[in-house]
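Encoded as structure tokens, the structure appears first; notes follow it.
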Amino acid sequence: MANVIGGLATSHVPSIGGAIAKGLQQDPYWKPFFDAFDSIHAFLEREKPDVAVVIYNDHGLSHFLDKMPTFAIGAAEEYKNADEGWGIPVLPAFPGHAALSWHIIESLVNDEFDITSCQEHLVDHAFSLPLKLMYPDAKWPVRTVPITINSVQHPLPSALRCWKLGQAIGRALESWPGAEKIVVLGTGGLSHQLDGTRAGFINKDFDLLCLDKIVNDPVALTKYSNKEIIELAGSQGVELMCWIAMRGALQGRVSQLHSTYHVPISNTGGAVLLLENAPRAQAMAAE
Ligand code: DHB
Ligand code: FE
């Protein structure tokens, strides 16, 4: 049985890539955000996960407006990053885990989720930057499974649907016969709006509420409609869905190991959250 050891949620703002390229990690604007990764590095060093399942939203690099899957999963042995026009370095290709991808796809389809399977899939900044933050030397020690949630073209899946997707991913991982240690990522958010009359909108109070609820009462976040999330968190604040799905995938006893909120990063409420997951069987044995 695979071992889901934890969840990591982080903002994925493209300028993080620019800051890394320019060596600005100690700059006062960036330092609190990059410092959050000291805890993440200690966790990764201690736990040495074999696989990262990355739940994120593609911004048009792999899925464009002409064909927009609600939920898609990469099923390849390698994923390339590419130039998205943000002026940030393209990162080395990421190793995939096609067998685990197909297991998740089969399990989700059996669980009544209609998934788009992608045997060719480019990964954008929402996938690549969190991996680069985790492993600054870009020598990826994990195999990866990219899972995308449409947060670009309406209609978008609801928070409740994304929570259920995450739970179904968690069931799929628990039924994987391999012995890999798996970390689940949710990337995006928190509040931000990049265009329109509310461009630059950030809601610190709502972000802090989300940081608490994701850990302690994730179901509370599933009560919000998409319209309410957009009002409260901005039109790109719906990237919160990826955090909700990540949390749904943690089926065991969850405890918070780290939380940082640093605002703004570019136009975004920047946040990092690390959760430990004692797998269900282990959690039950300890009770
Ligand atoms: C920004 C944030 C994002 O999540 C993104 O995908 C692109 C840009 C920003 O704040 O600049
Ligand atoms: Fe984004």
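The values are calculated or read from the model by the stated rules, or taken from the named source; none is laboratory data. Computed from a predicted model, the values in this text were never measured in an experiment. As a convention, Cβ positions derive from the backbone with ideal geometry for all residues, glycine included, and neighbour counts pool all protein chains shown.
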Quiz prompt | Top-ranked residue of region 1-48 - restricted to ones that are of a type in the set (Ser, Thr, Tyr) and within 16 Å of ligand 2 (Cβ to nearest atom), ranked as farthest from residue 279 (Cα to Cα) | solution = 15
Quiz item: Would it be correct to say that residue 213 is in contact (Cβ under 8 Å) with a residue 12 or more places away in the chain and out of contact with any Pro (no Cβ under 8 Å at 6 or more places or on another chain)?
Solution: no
Quiz item: For residue 266, which of the numbered conditions (1) closer than 20 Å to residue 184 by Cβ; (2) of a type outside the set (D, E, K, R); (3) surrounded by fewer than 18 Cβ atoms within 10 Å (Cβ to Cβ) fails to hold?
Solution: (1)
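Here is a yes/no grid of residues against (1) farther than 19 Å from residue 245 by Cα; (2) touching a His at 6+ places or on another chain (Cβ under 6 Å); (3) surrounded by 21 or more Cβ atoms within 10 Å (Cβ to Cβ); (4) in contact (Cβ under 8 Å) with a residue 12 or more places away in the chain:
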site: 95; (1), (2), (3), (4): yes, no, no, yes
site: 107; (1), (2), (3), (4): no, no, no, yes
site: 111; (1), (2), (3), (4): no, no, no, yes
site: 116; (1), (2), (3), (4): no, no, no, yes
site: 119; (1), (2), (3), (4): yes, no, no, yes
site: 122; (1), (2), (3), (4): yes, no, no, yes
site: 126; (1), (2), (3), (4): no, yes, yes, yes
site: 134; (1), (2), (3), (4): yes, no, yes, yes
Quiz prompt | Criterion (surrounded by fewer than 21 Cβ atoms within 10 Å (Cβ to Cβ) and touching a residue at least 40 places away in the same chain (Cβ under 8 Å)) met by exactly one of 102, 86 | solution = 86
Quiz item: Is it the case that some residue within region 15-36 is among the β-branched types (Val, Ile, Thr) and buried (at least 23 other Cβ atoms within 10 Å of the Cβ)?
Solution: yes
Quiz prompt | Pick from region 165-191, criterion among the polar types (S, T, N, Q) and surrounded by 24 or more Cβ atoms within 10 Å (Cβ to Cβ), ranking: nearest to ligand 1 (Cβ to nearest atom) | solution = 187
Quiz item: Within region 122-141, how many residues turn out to be touching a Leu at 6+ places or on another chain (Cβ under 8 Å) and either away from ligand 2 (no atom under 16 Å from the Cβ) or in a loop (DSSP other than H, G, I, E, B) (or both)?
Solution: 6
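A quick yes/no check of all residues on (1) over 27 Å from residue 224 (Cα atoms); (2) within 16 Å of ligand 1 (Cβ to nearest atom):
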residue: 124; (1), (2): yes, yes
residue: 134; (1), (2): yes, no
residue: 137; (1), (2): yes, no
residue: 149; (1), (2): no, yes
residue: 154; (1), (2): no, no
Self-check item: Filter result (among the small types (Gly, Ala, Ser), under 30 Å from residue 3 (Cα atoms) and within 16 Å of ligand 1 (Cβ to nearest atom)) within region 21-69
Solution: 62
Exercise. With respect to residue 143, determine if the residue is of a type in the set (D, E, K, R), surrounded by 17 or more Cβ atoms within 10 Å (Cβ to Cβ) and without any contact (Cβ under 8 Å) to a residue 12 or more places away in the chain.
Key: no
Quiz item: Given 259, 255, 235, which one is small (Gly, Ala, Ser), surrounded by fewer than 18 Cβ atoms within 10 Å (Cβ to Cβ) and free of Cβ contacts under 8 Å to residues at least 60 places away in the same chain?
Solution: 255
Practice problem: Have a look at 277, 267 and point out the one that is within 14 Å of ligand 1 (Cβ to nearest atom) and either at pLDDT 95 or above or of a type in the set (D, E, K, R) (or both). | Solution: 267
Practice problem: State which residue pairs qualify: first residue farther than 30 Å from residue 180 by Cα and inside region 53-77, second residue charged (D, E, K, R) and more than 13 Å from ligand 2 (Cβ to nearest atom) in any location, beta carbons under 9 Å apart, and separation of 6 or more residues or different chains. | Solution: none
